[in-house]
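Data first, discussion second: the structure below is written as structure tokens.
The values are calculated or read from the model by the stated rules, or taken from the named source; none is laboratory data. Model, not experiment: these values are computed from the prediction. Reconstructed Cβ throughout: ideal geometry from the backbone, glycine too, with neighbour counts over all protein chains shown. Keep in mind that these areas ignore ligands, DNA and RNA; they rest on the heavy atoms of the full protein, side chains included. Shrake-Rupley method; radii C 1.70, N 1.55, O 1.52, S 1.80 Å.
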Amino acid sequence: MAVRLSRPYACGVPATRGKRSTFALTERVVLSAFSDASGQTRAELGQRTGLSRAAVSAAVTNLLASGELVPAHAAGDGPVRGRPSARYQRSDLLAPVVLVELLHSAATRVAVVDAHGVTAGPVEAAPWSSSWAVWADTTRSAAAELLGGRSPRGSVLLAPFPVREGAGQPAMHAVERERHPGRLPPNPPWLETDPRPALAALLDCPPLVLNDANAAALGEARFGAGRDYRAVVHVSVRDGIGAGLVFDGELFTGASGFAGELAHTQVTEPGRLCFCGGRGCLATETGGPGLARPLEQLYERPVSFDEVTADIARGDPWVTRYFRDLGALIGKPLSSVVTLLDPDCIVLDARLEAAAAPLMAGLTATLEQRCPAALVSRLRVLPGALPDAAARGALAAANAAQLSAGSGAAVRP
Ligand SMILES: [Zn+2]
């Protein structure tokens, strides 16, 4: 029984969307009824366009799914009797969001993202292990430079550690430091507690903190290779191995934000000690957290990912073998995920580029070996379609959280 390998995602019509030719026109008409960033109800859109309630409703549903409309911020709505009518905004008319990406042992990346994608950046700021004064100063300067006087409506901090909904500090590190004092460097104080108040003051806009693998999963599941599927498991690889679970278009993060931490599933028994307190974790056994260090060991020198993918493209057996073995190893814990959750597709990190093919070959071989044939025969394993999946997912999360800056103040350099 073979896992179905798919070609890279080609634009298609999702099955849930009905007759595209009919809806496409009404969707454009509904979008044309928005002249600014103010919110409109379905009734108001019906009055402005002359479309029937059913036609407006169908168009709004599709435009929400595609991200072209977003739920409007509720603040400022007057008191109403009963349930207020939902309001919607056109996403391409909204102010941008500042994206601040923390990376393991590397510089922070700052970018500006709006409905068109990443429109400015990324530029580098100090690593998150720096002092608050240094990190804050370089991050705010980078944001101000990229915004060029525009006021952001919010910021999204992408973190390489589990993030509990409504908070944002690396709780796992804190627990492990208590158990094994001295093994890990201390977190900067601003990450010892919920970092959102400090971020809000720094960038003058409401912040959101999101795990980076979860953001990429949300991006691919909503807008990329997973958009036609109900239960999507996305696997990030380049900057650190991690999974994201998206069911019916919504992220599942678990009780404490740990869901999807594939890197800390045990693949070798007992294996080397991991900073999470476990042994033989996928993260330690792959020499991670990301690919930079293991690839440097493979080449016995620093190497760019472009060089690696060029080597794969010309059929280098060593590098191809490395990625096939990596896929086979990732397949071990992923096979349990498949058996437990019955996803209909697994999407791989789009930034793997040419490395996706050998990794997928190793991964699917392990899944075939370890999963029930009935599950595997239905499962699609797809290369990611969006190199900027994390940015797209971060923006979707910001839209869902209805981030909206009250002050309207520009970020000061
Ligand atoms: Zn671990």
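Some points to look at:
- Under the combined filter of DSSP loop state and at most 14 neighbouring Cβ atoms within 10 Å, segment 189-254 retains these GluC sites (Glu not before Pro): Glu192.
- Each of the peptides 287-295, 383-391 was scored by the mean count of other Cβ atoms within 10 Å over its residues; in descending order, highest first, they stand as 383-391, 287-295.
- The local environment of Val246, defined by Cβ-Cβ distances under 9 Å, has a net charge of -2 under the rule Lys, Arg +1 and Asp, Glu -1.
- Gain upon complete extension [Arg53, Arg314; 0.36 nm per residue less C-alpha separation]: 88.3 nm
- Burial order of peptide ranges 343-356, 94-107, 366-379 (average beta-carbon count within 10 Å, highest first): 343-356, 94-107, 366-379
- Ranked packing of 322-333, 56-67, 298-309, most packed first, by mean Cβ within 10 Å: 322-333, 56-67, 298-309
- Förster-model FRET efficiency, 22 Å R0, Ser85 and Ala401, C-beta, rounded to 0.05: 0.60
- Accessible-area composition of segment 226-385, carbon plus sulfur, in percent [1.4 Å probe]: 51 percent
- Surface per residue (accessible, 1.4 Å probe) for segment 226-385, Å²: 44 Å²
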